[in-house]
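Shown next, in structure tokens, is the structure this report addresses.
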Amino acid sequence: QDVVNRIAAGEVIQRPMNALKELIENSLDAKSTNIQITVKNGGLKFFQIQDNGTGIRKEDFEIVCERFTTSKLTEFEDLQKIATFGFRGEALASISHVAHLSIISKTKHDICAYQAEFNDGKLKMPPRPMAGNQGTIITVEDLFYNMTVRRQALRSPAEEYQKISEIVSKYAIHNASIGFALKKYGENNDIRTSQNSNCTENIRLIYGNCIARELVEFDFENRDLDFKVKGYMTNVNYSHKKYQFILFINNRLVDCQGLKKCIDAIYQTYLPKNNHPFVYLSLELNPRNIDVNVHPTKHEVHFLNESEIVESITTAIEQKLLGSNN
Ligand code: ADP
Ligand code: MG
């Protein structure tokens, strides 16, 4: 059974960044306003995420790592929403099957924090009381210690750290009112955003002034197709070697190749060859229209009226860019 669970977990958690993304989302779901991440060896040896959110009650320690346990079901009106965006109670369970997981947490109702370690979905020992502030510290060590082949395939800590850094950057841009920090263990912060920052300021901090000063704001709504989209993107005059495409749908970082390709095509029409834009979009769709058949571990998302919505967004972006270019 452990082997079956481990294989399933290994599908959800492919590399450190997948685990970290889930943990960041948990911290956001817990209404944190400050999220600090520390990484050793690209997350392969150790990574830790500390938040100041609602915390986990002592009595819930027992179940947080059981598969399919979630405290979030009641917050959502229907199953569709849950099936779509990973509210599936699998992240902590999966991590506990492929790494050494430790949780320290304190709610505002408890007088002290509790600490516990988990293995294969289970508590190793009852939670121990300890000093601590409200919020949660999750430590993940020796990722894939029990999956030799996977571990050997992930040979470059630098590459893993780069991917972690990209994830943190994207969440920091999308959640500008939340303070994010990312550092390598024992070193200074590589990313540090303030709690009362804004989106463009964070783009400037993380991606630099060259991009920030070329940004065009985009804000568009289509009532017939029932969606809203906001974001920032570089002007067609601006060009960059690396394509940055950041897409959040209903506040989850996702991929949507259809939309990406269409937006890229606009820029390719106007930008010099081999130059690329920076694009950040936050799309709000009616959750009912998001395809629940997509496997929850895949970040590629499909939704109802996808081609119409993609076309509508693409047309609006093209107009905006051409308008702002005059
Ligand atoms: P899900 O997010 O789908 O509910 P997870 O496995 O990611 O499942 O987390 C399981 C449960 O653990 C959550 O429902 C939540 O109650 C609790 N939890 C996890 N991380 C945190 C956190 N940082 N702060 C507060 N509660 C958390
Ligand atoms: Mg989660």
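FYI, it's all coordinate maths here, none of it is from the lab. These numbers come from a predicted model, not from an experiment. Every residue, glycine as well, gets a Cβ built from its backbone with ideal geometry; the counts of neighbours run over all protein chains shown.
How high is the FRET efficiency between ASP110 and GLN1 when r is their beta carbon distance and R₀ equals 25 Å, given to the nearest 0.05?
Once rounded, the FRET efficiency stands at 0.15.
Round to the nearest 10 and give me the degree value, 0 to 90, for the angle of helix 306-324's Cα axis relative to the longest principal axis of the chain.
That helix lies at roughly 60 degrees to the long axis.
Take the chain, connect every pair of alpha-carbon atoms lying under 10 Å apart with a spring to form a Gaussian network, then pick out the residue of ILE263, ILE111, ILE56 with the largest mean-square fluctuation.
Maximum fluctuation in the GNM of the chain, among the listed residues, is at ILE111.
Loop only by DSSP, 14 or fewer other Cβ within 10 Å of the Cβ. Give me the trypsin sites (Lys or Arg not before Pro) in the stretch 128-234 that pass, ordered by residue number.
Numbers: sites: ARG150, ARG151, ARG155, LYS163, LYS170, LYS183, LYS184, ARG192, ARG204, ARG213, ARG223, LYS228, LYS230; in loops: ARG155, ARG213, ARG223.
Sites meeting the loop and neighbour criteria: ARG155, ARG213, ARG223.
What ranking of CYS262, CYS256 emerges when the number of other C-beta atoms within 10 Å of each C-beta is taken as an exposure proxy, fewest first? Walk me through the numbers on the way to the answer.
Working: CYS262 18, CYS256 21.
Ascending Cβ contact count within 10 Å gives the list CYS262, CYS256.
What do you get for the angle between helix 16-29 and the principal long axis of the chain? Use alpha-carbon atoms, 0 to 90 degrees, nearest ten.
Its long axis makes an angle of about 90 degrees.
Let's test the formula: R0 of 22 Å, r as the Cβ-Cβ distance of SER307 and ASP219. What FRET efficiency results, to the nearest 0.05? Provide the component values of the computation, followed by the final result.
Details: r = 22 Å, r/R0 = 1.02.
In this case the efficiency is close to 0.50.
What size of dipole, in debye to the nearest 20, comes out for the stretch 2-192 about its Cα centre when the only charges are +1 on Lys and Arg C-beta atoms and -1 on Asp and Glu C-beta atoms?
Working: 25 positive and 24 negative charges, 89 e Å.
Roughly 420 debye, rounded to the nearest 20.
How about the stretch 126-206: which chymotrypsin sites (Phe, Trp or Tyr not before Pro) there are in a DSSP loop, with at most 15 other Cβ atoms within 10 Å of their Cβ?
Working: sites: PHE144, TYR145, TYR161, TYR171, PHE180, TYR185; in loops: PHE144, TYR145, TYR185.
Sparse-neighbourhood loop chymotrypsin sites (Phe, Trp or Tyr not before Pro): TYR145, TYR185.
Hey, what number do you get for the chain at 222 nm if only DSSP H runs of n ≥ 4 count, each worth -39500 (n - 2.57), divided across all residues, to the nearest 500? Write out the running numbers ahead of the final one.
Working: 11 runs with 113 residues, N = 326.
The per-residue figure over the chain is -10500 deg cm²/dmol.
In degrees, nearest 10, range 0 to 90: what is the angle between the Cα axis of helix 257-270 and the longest Cα principal axis of the chain?
Tilt of helix 257-270: around 40 degrees.
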